[in-house]
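In what follows, a structure is listed as structure tokens, so that the remarks can point back to it.
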Amino acid sequence: MEFLILIIVAIMLASAVAVLLLKDFLAALAAFSVVSLGLSVLFVILRAPDVAMTEAAIGAGLSSLLFALAIRRLGLWRTNDAGPEE
Amino acid sequence: MRRFTSALFLIGLGLLIVAIYQQLGLQASSNIGQAINTVAADQLGAANFVTAVVLGYRGLDTLVELTILFTAATAGALVLGTRKPSTKRDPDAGFILQTGADLLFPLLLIVGLYIIMHGHLTPGGGFQGGVILASAFFLPILARPGSSIDHHWVSFIEGLAGASFIYIGLLVMFDGKAFLSPVAGNGVFGELFSAGTLPLLYAAVGLKVGAELAGLLANLSDTEAVD
Amino acid sequence: MDINLDISLMIYIAAGGLILAGSAGIVLSTHLLRIIFAIALLEAGANLLLLLASYRDGTAVPIIVDDHIPAVMADPVPQALVLTSIVIGVGVLALALGLVIRVQRTYGTLDIRELRERMAEDIADDAGIGRPVSSHAPLPVQAPGVVGADANE
């Protein structure tokens with residue numbers, strides 16, 4: 001049980017650092033979803049299924065959707081793949 | 001200079017977090033929580049104690065939270081503005097997304113309503129179910145960006161649900177109790193129609209949150225792309 | 001590797017790490033959207049810390065199923081507060097993203113250094129005062145023959 005928690009915490013912290021360091025914003029959004037998912041599992045381990053369901057629905061669902069829409073509207077959808085015709 | 005002061009601030013924050021761990025006093029005993037756990041089942045008749053706290057014992061906090069959500073959604077709509085009707089819309093999504101959205105819409109609707117109505121028996125409630133309802137109403141807009149939701153209906157449902165939350169709380173005052181006390185009989189413990197006004201309050205919360213978030217998402221996706 | 005790491009310490013390290021990562025992102029980033037990501041991380045870390053403060057070993061979930069009442073149940077009050085906090089966080093996030101889109105539409109850039117300069121210019125122009133010039137900036141060159149012109153704007 002402790003080993004499982006150790007793995008989840010390690011993945012969460014690595015993804016949190018990746019959110020800040022990745023250049024592509026879509027990849028940063030994916031890493032943010034991983035942080036939200038790890039957080040949801042930790043909430044279940046802390047005996048709070050209500051909070052875990054809320055975090056899964058809002059963090060991995062609504063929050064990521066808001067970020068994706070904003071990234072699309074800001075024109076940051078693609079980076080660094082300049083084709084030969086650019 | 002900025003990097004140096006930032007590094008200094010972060011080192012200080014790290015030391016503060018380490019120092020808090022010594023003082024946190026984890027595994028100490030708490031009084032209010034244990035007191036609520038022993039009396040909530042008899043006083044309110046709800047099997048889910050978190051629902052009992054959110055709607056029964058701290059109903060005023062939920063009312064303030066609904067106000068904050070309403071302010072954020074209204075301010076977001078104000079900031080983003082309306083779109084000029086001449087700008088080009090995104091093309092329709094592919095076949096998979098269109099078919100998937102048509103199939104998922106009734107399923108999401110049923111799951112959302114189930115989670116809202118069973119908030120006092122199982123983990124769930126108004127906020128979780130409201131978010132699922134919002135995504136159910138937003139999925140067709142993702143599939144076909146040309147069709148948008150009718151903002152008048154959405155605002156009407158949101159206003160009606162928010163007002164009914166307050167009215168149910170006010171009705172209790174005719175009985176001589178305080179604002180937002182849960183009443184109207186407890187019913188059989190564990191049934192769907194139990195726990196007094198708690199399911200009604202959560203239904204109002206769920207509809208309000210769902211309509212609000214659906215309107216906010218539609219506004220965000222409707223705004224013109226910046227180039 | 002220590003075998004008896006207890007659960008509280010590991011989750012506390014996760015919460016503290018998230019708070020530190022969020023703060024570092026806010027203070028050190030130059031792109032406005034990345035600052036918004038860091039704010040969301042900071043809120044997640046704070047919620048985890050709040051819920052951890054009420055965790056006791058060996059407690060059960062505070063929900064009664066099938067009339068089987070467990071002996072010790074977890075504290076439901078911090079769970080209700082964290083529920084409220086998560087929903088408020090998403091409301092704040094939606095408004096922040098709307099503001100970022102508006103800023104991009106008005107100024108055309110999301111780099112905070114450039115934004116700071118342009119906003120200072122706009123404010124100074126609207127108020128009718130001179131632009132704030134730092135003491136390290138070079139003085140403007142005067143054309144020869146212009147007498148009595150002011151050295152600083």
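The values are calculated or read from the model by the stated rules, or taken from the named source; none is laboratory data. In this text the structure is predicted, and so the values were computed from the model without any measurement. So basically every Cβ, Gly included, is an ideal-geometry build from the backbone, and we count neighbours across all protein chains shown.
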Residues being farther than 27 Å from B:Ala93 by Cα, part of a helix (DSSP H, G or I), in contact with an Asp or Glu (Cβ under 9 Å, 6 or more places away or on another chain) and at the interface with chain A (Cβ under 10 Å from one of its Cβ atoms) - total across the range B:115-174: 2
Where B:Ile157 falls short, out of the listed (1) closer than 20 Å to C:Ala80 by Cβ; (2) modelled with pLDDT of 90 or more: (1)
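Okay, residues lined up against (1) within 14 Å of chain B (Cβ to nearest Cβ); (2) buried (at least 17 other Cβ atoms within 10 Å of the Cβ); (3) in a helix (DSSP H, G or I):
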position: A:Ala14; (1), (2), (3): no, no, yes
position: A:Leu20; (1), (2), (3): yes, yes, yes
position: A:Ala28; (1), (2), (3): no, yes, yes
position: A:Thr54; (1), (2), (3): yes, yes, yes
In the range B:71-114, what count of residues is obtained for those that are assigned to a helix (DSSP H, G or I) and hydroxyl-bearing (Ser, Thr, Tyr)? 4
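Condition check ((1) crowded, with 16+ Cβ neighbours inside 10 Å; (2) over 18 Å from C:Tyr55 (Cα atoms); (3) over 34 Å from the mean Cα position of the chain (by Cα)) across all residues:
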| site | (1), (2), (3) |
| --- | --- |
| B:Arg2 | no, yes, yes |
| B:Leu8 | no, yes, yes |
| B:Ala19 | no, yes, yes |
| B:Ala35 | no, no, no |
| B:Ala46 | yes, yes, no |
| B:Leu63 | yes, yes, no |
Where residues in the range C:6-38 are away from chain B (no Cβ under 14 Å) and not aromatic (Phe, Trp, Tyr), which of them is farthest from B:Ala19 (Cα to Cα)? C:His31
Select, from C:Tyr55, C:Tyr12, the only residue that is in contact with a Phe, Trp or Tyr (Cβ under 8 Å, 6 or more places away or on another chain) and in contact (Cβ under 8 Å) with a residue 40 or more places away in the chain. C:Tyr12
Considering the range B:40-58 alone, what residues qualify as being under 18 Å from C:Val82 (Cβ atoms) and not in a helix (DSSP H, G or I)? B:Asn48, B:Arg58
The condition from (1) within 19 Å of the chain's Cα centre (by Cα); (2) closer than 28 Å to A:Asp50 by Cβ; (3) surrounded by 15 or more Cβ atoms within 10 Å (Cβ to Cβ) that B:Tyr114 misses is numbered (3)
Would it be correct to say that A:Leu74 is more than 8 Å from every other protein chain (Cβ to nearest Cβ), within 21 Å of C:Ala38 (Cβ to Cβ) and at pLDDT below 95? no
Just to check your reading of the model, which residue among B:Ile68, B:Ile110 is of a type in the set (Val, Ile, Thr) and either more than 14 Å from chain C (Cβ to nearest Cβ) or closer than 30 Å to B:Arg144 by Cβ (or both)? B:Ile110
Output for Cβ contacts, cut-off 7 Å, separation at least six or different chains, first residue closer than 12 Å to B:Leu80 by Cα in the range C:99-117, second part of a helix (DSSP H, G or I) and charged (D, E, K, R), reads C:Ile101/A:Arg73
Counted residues in the range A:30-52 being within 14 Å of chain B (Cβ to nearest Cβ) and in a helix (DSSP H, G or I) come to 8
For the range C:39-63, the count of residues that are in contact with a Gly (Cβ under 8 Å, 6 or more places away or on another chain) and modelled with pLDDT under 85 equals 1
Just one of (1) buried (at least 22 other Cβ atoms within 10 Å of the Cβ); (2) touching a Gly at 6+ places or on another chain (Cβ under 6 Å); (3) within 8 Å of chain C (Cβ to nearest Cβ) trips up B:Thr51, so point out which. (3)
